[in-house]
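Have a look at the structure below before the remarks.
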Amino acid sequence: MSGALLSDANRRLEKALQYVTFHKDAAERLKYPKASLTVSIPVRMDDGSLRVFQGYRVRYDDSRGPTKGGIRFHPNVTLDEVQSLAFWMTFKCAALSIPFGGAKGGITLNPKELSKFELERLSRGYVDAIADFIGPNIDIPAPDVYTNSMIMGWMMDQYSIIRRQLVPAVVTGKPITMGGSLGRETATAMGAFFTIQTIMPKLSRRPENTTVAVQGFGNAGAVLAELLFRSGYKVVAVSDSRGGVYSEKGLDIPSIRKIKESTRSIQAVYCEGAICNLVDSAPLTNEELLELEVDILVPAALENQITEANADRIKANYIFEVANGPTTSDADTILESKGIPVFPDILVNAGGVTVSYFEWVQNRSGLYWSLDEVNQRLSQKMIEETELIWTIAQDLSCSMRTAAYVHALERLAEAIHAKGTRDDYLAKW
Ligand code: GLU
């Protein structure tokens, strides 16, 4: 039985199936995760006590290659959430034509409450628990919400200790010194930027007349806000988990980032500085940010931000989803009826997994690329797939989300059928 989040994710698949017909086997297969692992991770805390954390790893579908997806550390992590995130990874990799299936992992905790040493023990304990479920040809984790390159480095090291050999390709998003790729940290934002830049001329929009609000000031949101700012867009609002700031004239994003980063330097792992404490502009809540009258709204935080409850009040002209699953399927219907196009997560935020794929390729070949080469390949991929999905949306007169799912489904169905020979000799179905 699927949880509420996975059921909602599956509604995107059902919608896409209204536009194209695939063999029913592929459609049926893609409704369910291939394998879901739940683990308990005992961790010795700094004060000597023992705490047991709940962790998950889900491999959704591997028809197109080893499964791929991040690991998040967050208090709201549940099996249902991890399964839906793994579902999205499956369609994201297929939409971008990356030779991976989809997976996701997570641990339920508030990472800001743990010391650096406790986080390291937890990360290593998680890898001990899932070591037989992952591998460079099986399933390859990466960073996600509240995990970073340092944590990926610990995880790769732990896996290598277990295997008694160095296995850099088991995890992506590692520190550069441990086999990480140049450009991986900024890849999600860069990918989103390339998609936005590809779409803007089609909408007859120019950066200098375009206002933007970004919800989420983490690795993806902050870097994207800066890229847009430097290209002449007017970024009028940004927020982090504690709240946001608004300025009609546009915010000076590099200064906001600098202040936020300098606050983090006091901290070993996580930034404690909330944007709202740092700059002299009107504060606003995350909910208010979503409802601003702007040209582009970028949800870059968590899932389920635009729902049935607030979709009616959204006034943006366009939404570009940098978070995974920020819009529910009910909200999609409302936004569509209001004529607000949504550029979907499985395309817009795919830059991260694309450069993860590049990292895996570099680890396996032993030949490392320059930053220019990484970004050039990323830009080529994002532009190519954005154009293809745009064309499908025009041809089928459907939303960009449905077009992205149709595009992904075609590749997934092809792989599922290519694997199975039984259909060829069974008389009829
Ligand atoms: N966590 C990122 C995502 O949701 C990256 C996954 C990866 O690089 O494998 O796309």
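The values are calculated or read from the model by the stated rules, or taken from the named source; none is laboratory data. Treat the numbers as computed from the prediction; the structure is a model and nothing was measured. Every residue, glycine among them, receives a Cβ derived from its backbone with ideal geometry; neighbour counts consider all protein chains shown. Areas reflect the complete protein model, heavy atoms only, side chains present, ligands, DNA and RNA absent. Shrake-Rupley method; radii C 1.70, N 1.55, O 1.52, S 1.80 Å.
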Subset of segment 302-311, residues more than 16 Å from SER84 (Cβ to Cβ) and open to solvent by 30 Å² or more (accessible area, probe 1.4 Å), comes to GLU308, ALA309
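Among the residues that make up segment 315-327, is at least one of them of a type in the set (Ser, Thr, Tyr) and under 25 Å from GLU385 (Cβ atoms)?
So far as segment 315-327 goes, yes, one or more of its residues are of a type in the set (Ser, Thr, Tyr) and under 25 Å from GLU385 (Cβ atoms).
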### Test: residue in segment 346-363 that is surrounded by fewer than 24 Cβ atoms within 10 Å (Cβ to Cβ) and assigned to a loop (DSSP other than H, G, I, E, B)
no
Checked THR195, THR188, THR147 against criteria (part of a helix (DSSP H, G or I) and open to solvent by 10 Å² or more (accessible area, probe 1.4 Å)); the one match is THR188
Note on segment 335-385: residues among the aromatic types (Phe, Trp, Tyr) and under 12 Å from the mean Cα position of the chain (by Cα) are none
Of the residues in segment 89-99, those that are surrounded by 24 or more Cβ atoms within 10 Å (Cβ to Cβ) and within 12 Å of the ligand (Cβ to nearest atom) come to MET89, THR90, PHE91, LYS92, CYS93, ALA95, LEU96
task: Could you check, for segment 163-179, whether at least one of its residues is within 15 Å of the ligand (Cβ to nearest atom), in contact (Cβ under 8 Å) with a residue 40 or more places away in the chain and among the β-branched types (Val, Ile, Thr)?
output: yes
When restricted to THR78, THR21, the only residue β-branched (Val, Ile, Thr), away from the ligand (no atom under 16 Å from the Cβ), open to solvent by 10 Å² or more (accessible area, probe 1.4 Å) and within 26 Å of PRO136 (Cα to Cα) is THR78
Over segment 47-75, the set of residues surrounded by fewer than 18 Cβ atoms within 10 Å (Cβ to Cβ), of a type in the set (D, E, K, R) and not in a loop (DSSP other than H, G, I, E, B) is ARG51
Being of a type in the set (Gly, Ala, Ser), in a helix (DSSP H, G or I) and open to solvent by less than 50 Å² (accessible area, probe 1.4 Å) narrows GLY180, GLY153, GLY102, GLY106 down to just GLY153
Exactly one of ASN304, ASN324 is closer than 30 Å to GLN380 by Cβ, assigned to a loop (DSSP other than H, G, I, E, B) and within 16 Å of the chain's Cα centre (by Cα), and that residue is ASN324
Out of (1) assigned to a loop (DSSP other than H, G, I, E, B); (2) away from the ligand (no atom under 16 Å from the Cβ); (3) crowded, with 20+ Cβ neighbours inside 10 Å, the one LYS315 does not meet is (3)
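Residue-wise test of (1) more than 13 Å from the ligand (Cβ to nearest atom); (2) in contact with a helix residue (DSSP H, G or I) (Cβ under 7 Å, 6 or more places away or on another chain).
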{"position": "ASP144", "(1), (2)": "no, no"}
{"position": "ASP157", "(1), (2)": "yes, no"}
{"position": "ILE161", "(1), (2)": "yes, no"}
{"position": "SER181", "(1), (2)": "no, yes"}
If we keep only residues of segment 54-75 that are more than 20 Å from SER356 (Cβ to Cβ) and touching a Ser or Thr at 6+ places or on another chain (Cβ under 7 Å), then the residue farthest from the ligand (Cβ to nearest atom) is GLN54
When ARG364 is run through (1) away from the ligand (no atom under 16 Å from the Cβ); (2) modelled with pLDDT of 95 or more, the failure sits at (1)
For segment 23-34, pairs from a residue that is farther than 18 Å from ARG59 by Cβ to a residue that is acidic (Asp, Glu), with Cβ under 9 Å and 6 or more apart or across chains, are HIS23/ASP423; ASP25/ASP423; ALA27/GLU14
